[in-house]
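Peer 1: Quick one: this structure, given as structure tokens, is what I'll be asking you about.
All of the numbers you see were taken from the coordinates with simple rules; none came from a lab. Predicted model only: the values in this text are computed from it and were never measured. As a convention, Cβ positions derive from the backbone with ideal geometry for all residues, glycine included, and neighbour counts pool all protein chains shown.
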Amino acid sequence: MKGDERILGDSDFVLGVLNEQNERMDRRFRLREQGYDIEKTIERVSNLFSLSKQDIINSQRQRVIARSVLCYWGIRELGMSGSALAKMLSIGQSSVSRAFGRGEKLVNDMKLTLLDP
């Protein structure tokens with residue numbers, strides 16, 4: 001089977017990349033169908049970490065964990081841009097990128113899920 005010519009690599013690699021992207025898109029559509037947007041994601045994060053929505057958006061040191069998870073889910077699960085999150089949180093794009101990395105580790109280590117159990 002021939003792969004996508006925009007992606008360098010052998011067919012298996014290309015198909016793997018395309019399948020992973022399709023799975024992400026499917027998940028995003030399912031989340032949107034269930035009403036998940038950034039506001040609902042903020043609500044979920046605030047519940048997980050017992051913080052108010054405003055506490056997450058405001059910049060204070062003890063909120064780093066919650067904001068990191070929010071950045072990770074906003075980008076990975078909802079498909080938001082880093083610049084949109086940066087603007088919303090009043091931080092730079094590089095800060096969002098670092099928060100994304102921290103958030104990914106936190107979500108995996110703590111086995112957090114965006115969808116309510």
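Peer 1: Once you charge only the Cβ atoms, +1 for Lys and Arg and -1 for Asp and Glu, what is the size of the charge dipole of the chain about its Cα centre, to the nearest 20 debye? Walk me through the intermediate numbers first.
Peer 2: Working: 19 positive and 16 negative charges, 114 e Å.
Charge dipole, the chain, about its Cα centre: 540 debye, nearest 20.
Peer 1: Sum up the charges of everything whose Cβ sits under 15 Å from the Cβ of residue 26, counting Lys and Arg as +1 and Asp and Glu as -1, but leave residue 26 out.
Peer 2: Local net charge: +2.
Peer 1: Which length gain, in nm to one decimal place, applies between residue 37 and residue 112 when the Cα-Cα distance is subtracted from 0.36 nm times their residue separation? Write down the numbers at each step before the final one.
Peer 2: Values: separation 75, 0.36 × 75 = 27.00 nm, distance 1.72 nm.
The span from residue 37 to residue 112 would gain 25.3 nm if fully extended.
Peer 1: Please give me the summed charge of the neighbours of residue 100: other residues whose Cβ is under 14 Å from its Cβ, Lys and Arg +1, Asp and Glu -1. Mind showing how you got there, number by number?
Peer 2: On the way: positive: 67, 76, 98, 102, 105; negative: 77, 104.
Summing Lys and Arg as +1 and Asp and Glu as -1 gives +3.
Peer 1: Quickly estimate the mean residue ellipticity at 222 nm for the chain, helices only: each DSSP H run with n ≥ 4 gives -39500 (n - 2.57), and the total goes over all residues, rounded to 500. Kindly include the intermediate steps, with their values, before the conclusion.
Peer 2: Working: 6 runs with 75 residues, N = 117.
The per-residue figure over the chain is -20000 deg cm²/dmol.
Peer 1: State the answer as a single residue: which of 95, 54, 19 lies farthest towards the positive end of the charge dipole of the chain, with beta carbon charges of +1 for Lys and Arg and -1 for Asp and Glu, about the Cα centre.
Peer 2: Towards the positive end, the residue furthest out is 54.
Peer 1: Per the Kirkwood formula on distinct C-alpha pairs, the Rh of the range 61-117 is how many angstrom?
Peer 2: Computed over Cα pairs of the range 61-117, the Kirkwood hydrodynamic radius comes out at 11.1 Å.
Peer 1: Follow-up question, since we're still on this one. Ranked highest first by average number of other Cβ atoms within 10 Å, how do 87-94, 109-116 line up?
Peer 2: 87-94, 109-116
Peer 1: In the Gaussian network model of the chain, springs joining C-alpha atoms below 10 Å, which of 37, 12, 26 carries the largest mean-square fluctuation?
Peer 2: Between 37, 12, 26, it is 12 that shows the largest mean-square fluctuation.
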